[in-house]
Amino acid sequence: MPDFRPQLQSNHSLHASQALLPDGWARNVRIDIDAAGRISAVTPDAPIDGAQITAGPVLPAMPNLHSHAFQRAISGLAEVSGAGSDSFWTWREEMYRTVGQITPEDAQAIATRLYVDLLKAGFGSIAEFHYLHHDKSGALFADRAEMAKRILAAARTSGIGMTLLPVFYAHANFGGVAPHEGQRRFIHDIDGFERLMADLAPACTAQGATLGYAFHSLRAATPEEMTTLLASLPKVMSKPGPLHIHIAEQQKEVDDSIAWSGKRPMQWLFDHMPVDERWCLIHATHADPSELARMAASGAVAGLCPATEANLGDGIFEAVAYRAQNGRFGIGTDSHVSPSVVDELRTLEYSQRLRDERRNRLADGPHRSVGRDIYDAALAGGAQALGQPIGAIAPGMTASLVVLDGDDAFIDSAKDDAIVDRWLFALGDRTVRDVMVEGQWRIRDGRHDQDDIINAAFKTAIRNLARH
Ligand code: NGQ
Ligand code: ZN
């Protein structure tokens, strides 16, 4: 799998007939981009004056706040019923079987193609919640950061913006239960994890990736381990970086948490951990009203992955009540059953409609566009959860943008918020025409310039896995 590095670039300018800016839609917008890939100026009602005219309306690219890239390889393969009653937990066993087979080359090829698909769907950056650390036997690779470096290479080749979240994973359930065989590739002790982080800090800096970290879940990390790492990791990281954790995705996890501590998982977290804007709580599906209120008040981001949550039968996040308290959220594609901005946002809104038997649930008030409100909220929450200067077309921000297809009749005729509503609720991924990340075009007219080579490597990896 070849490893491409970004080309050098110089100052350039775009001109969009309509662009979504922080305070709303503007016309005839000139966007100046500097040689470092940052937006240097944004000027509405500007003449074209030598700028590159975009093929349609321009919006900030969407951050993707939750990914397990390797799981793309099994998407669509777990849809055959088993002997008993299928659940999240039976799916997890199937997922572990595939995990056992993945080589570093496979992992890189799968992640590279996935990231290209995500770019094509309108995502500009991704937070990789990375826990597939060790070799097939569970031993360290000669380079302990081998697998994480494959993820970094996939980000370089695809051109997606990367927030790498190495995951601390040590146990099978609440109370420090010993990990089981299927989890052997994920496991660290404190010392091993600190070393991994120390190795990755310079590797991330070298390629301009953001480094944060994650506790897999309250099942996989004990309170003592979390407290130790919260204190020690600032010494090995140049900046604090975002901090993510899976929480309260399944009712069984809530029940196990109560059996362990007498508290629901989110209740326990807010009582014992310093949850603030730095944190992203992945799923948070089973939050009661007081947990929802505490999450909203904390400033943390709820990391919603509606397509995966639907696929795994998790339950429905209480998004209406949460948004009424100005709770922050972003979207992730998690197991990648559908690598799509449209599917995630549409599933989020539709899950609320199906539960409530009502329409337009996540508009922020009367006479507002649902598409615009959820797109804006997910941009802000995603940018916060990734710890990157993204999610807005404004001076000082990274130039990560999507251009929708101005030749499409719906987009051609749409003005302002109707553009987002047509895209999210009437069209789909193919409406995304061009995608710029960090000032460089990664997708032009729906294609990546390394598509052929990336597809060939992906095909080989999927064939390898199918042999087992
Ligand atoms: C994961 N994925 O770590 O990949 C989890 C399942 C678990 C999702 N929840 C495993 N979608 O939570 O133990
Ligand atoms: Zn996950």
For the range 239-260: of the residues being small (Gly, Ala, Ser) and buried (at least 17 other Cβ atoms within 10 Å of the Cβ), which is nearest to ligand 2 (Cβ to nearest atom)?
Ala248
Take the conditions more than 16 Å from ligand 2 (Cβ to nearest atom), of a type in the set (A, V, I, L, M, F, W, C) and surrounded by fewer than 24 Cβ atoms within 10 Å (Cβ to Cβ) and apply them to Ala310. Does it pass?
no
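One line per residue, one yes/no per condition, for (1) on the phi > 0 side of the Ramachandran plot; (2) of a type in the set (Asp, Glu); (3) free of Cβ contacts under 8 Å to residues at least 60 places away in the same chain:
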| residue | (1), (2), (3) |
| --- | --- |
| Ala383 | no, no, no |
| Gln388 | no, no, no |
| Gly391 | yes, no, no |
| Met397 | no, no, no |
| Val402 | no, no, no |
| Asp405 | no, yes, no |
| Ile411 | no, no, no |
| Ile419 | no, no, no |
| Trp423 | no, no, no |
Single residue of Ala46, Ala55, Ala26 found to be in a loop (DSSP other than H, G, I, E, B) and either within 16 Å of ligand 1 (Cβ to nearest atom) or within 16 Å of Ala394 (Cβ to Cβ) (or both)
Ala46
Out of all the residues in the range 120-132, is one or more within 17 Å of the chain's Cα centre (by Cα), within 17 Å of Ile74 (Cβ to Cβ) and more than 16 Å from ligand 2 (Cβ to nearest atom)?
no
Which of the residues that make up the range 311-344 are within 21 Å of Asp373 (Cβ to Cβ), within 16 Å of ligand 1 (Cβ to nearest atom) and in a helix (DSSP H, G or I)?
Asp343, Glu344
Can you name every residue in the range 265-289 that is assigned to a helix (DSSP H, G or I) and either more than 24 Å from Gly175 (Cα to Cα) or in contact with a Cys (Cβ under 9 Å, 6 or more places away or on another chain) (or both)?
Pro289
Picking from Ile419, Ile453, the residue that is in contact with a Pro (Cβ under 8 Å, 6 or more places away or on another chain), surrounded by fewer than 21 Cβ atoms within 10 Å (Cβ to Cβ) and not in a loop (DSSP other than H, G, I, E, B) would be Ile453
Subset of the range 45-63 [within 19 Å of Asp23 (Cβ to Cβ) and free of Cβ contacts under 8 Å to residues at least 24 places away in the same chain]:
Asp45
Exactly one condition in (1) without any contact (Cβ under 8 Å) to a residue 60 or more places away in the chain; (2) away from ligand 1 (no atom under 16 Å from the Cβ); (3) of a type in the set (Ser, Thr, Tyr) is not met by Thr308; state its number.
(2)
Quick one: count up the residues across the range 58-94 that are more than 11 Å from ligand 1 (Cβ to nearest atom), part of a loop (DSSP other than H, G, I, E, B) and surrounded by 12 or more Cβ atoms within 10 Å (Cβ to Cβ).
7
Listed residues Ile374, Ile393; which is more than 16 Å from ligand 2 (Cβ to nearest atom), part of a loop (DSSP other than H, G, I, E, B) and crowded, with 21+ Cβ neighbours inside 10 Å?
Ile393
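The numbers here are math on the coordinates, done by the rules we state, and not lab data. Treat the numbers as computed from the prediction; the structure is a model and nothing was measured. Backbone-built Cβ (ideal geometry, glycine too); neighbour counts: all protein chains shown.
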